[in-house]
Structure formats: structure tokens, C-alpha cells
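The values are calculated or read from the model by the stated rules, or taken from the named source; none is laboratory data. These numbers were taken from a predicted model, which means no experiment stands behind them. When we count neighbours, we look across all protein chains shown, and the Cβ atoms used for this are built from the backbone with ideal geometry, even at glycine.
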Amino acid sequence: MSEFSDRLLVTKADAARLLSVSPRTVFELRRRGEIHVVHVLGAPRYSVAELEQWIAKQVSQSLSDSNGSSIPCGKHENRNGAMQEAVH
């Protein structure tokens with residue numbers, strides 16, 4: 001059970017902590033339509049239930065990759081500032 005399980009909605013920073021990613025990654029997931037934002041009086045919030053469902057989906061997809069190969073998941077900037085292909 002997560003530290004956020006008693007809450008329905010969380011901030012972008014909390015969503016990032018729940019997913020163990022940066023707030024920028026939360027924004028990117030939102031931009032891709034993988035997660036959605038709810039506005040409460042104009043303040044963006046993320047559904048804890050949806051984030052937990054997204055995590056479960058990622059785990060399920062990971063487990064169904066029966067051949068164990070790496071899956072490209074976009075590009076990211078490495079420590080030197082160069083862009084490189086990210087895999088998981």
C-alpha cells in the first residue's frame with residue numbers, strides 16, 4: 001500500500017514520487033495521454049487510482065515480454081547532455 005493510498009488526488013510532485021520518476025516524466029506521460037490530469041479549481045492533480053493502474057499495466061506488459069529482450073521506450077539525456085535511446 002502506498003503512502004498516498006488514503007488520498008484520491010495528488011500533485012505532480014507526489015505523482016512523480018509514487019512512480020519513482022521525475023516531475024518532467026509525469027508531464028511527458030500526461031502529454032502522451034498515458035495518464036490524465038484533473039483540475040481542482042485550476043490546480044492540476046493526478047488520480048492515485050489511475051497511477052496505480054498505470055503501474056500495474058507496465059508490470060503486466062513487462063512480464064508478458066517472454067523473450068526477455070529490451071524494449072525501446074524513447075530517448076533521454078545522459079549525464080553528458082547527449083541524447084541516447086532508453087530501454088527497459
**Study point:** Criterion (modelled with pLDDT of 95 or more and loosely packed, with under 10 Cβ neighbours inside 10 Å) met by exactly one of 81, 68, 42
**Key:** 42
Check your understanding: If only one of 34, 3 is out of contact with any Cys (no Cβ under 8 Å at 6 or more places or on another chain) and at pLDDT below 80, which one is it?
Key -> 3
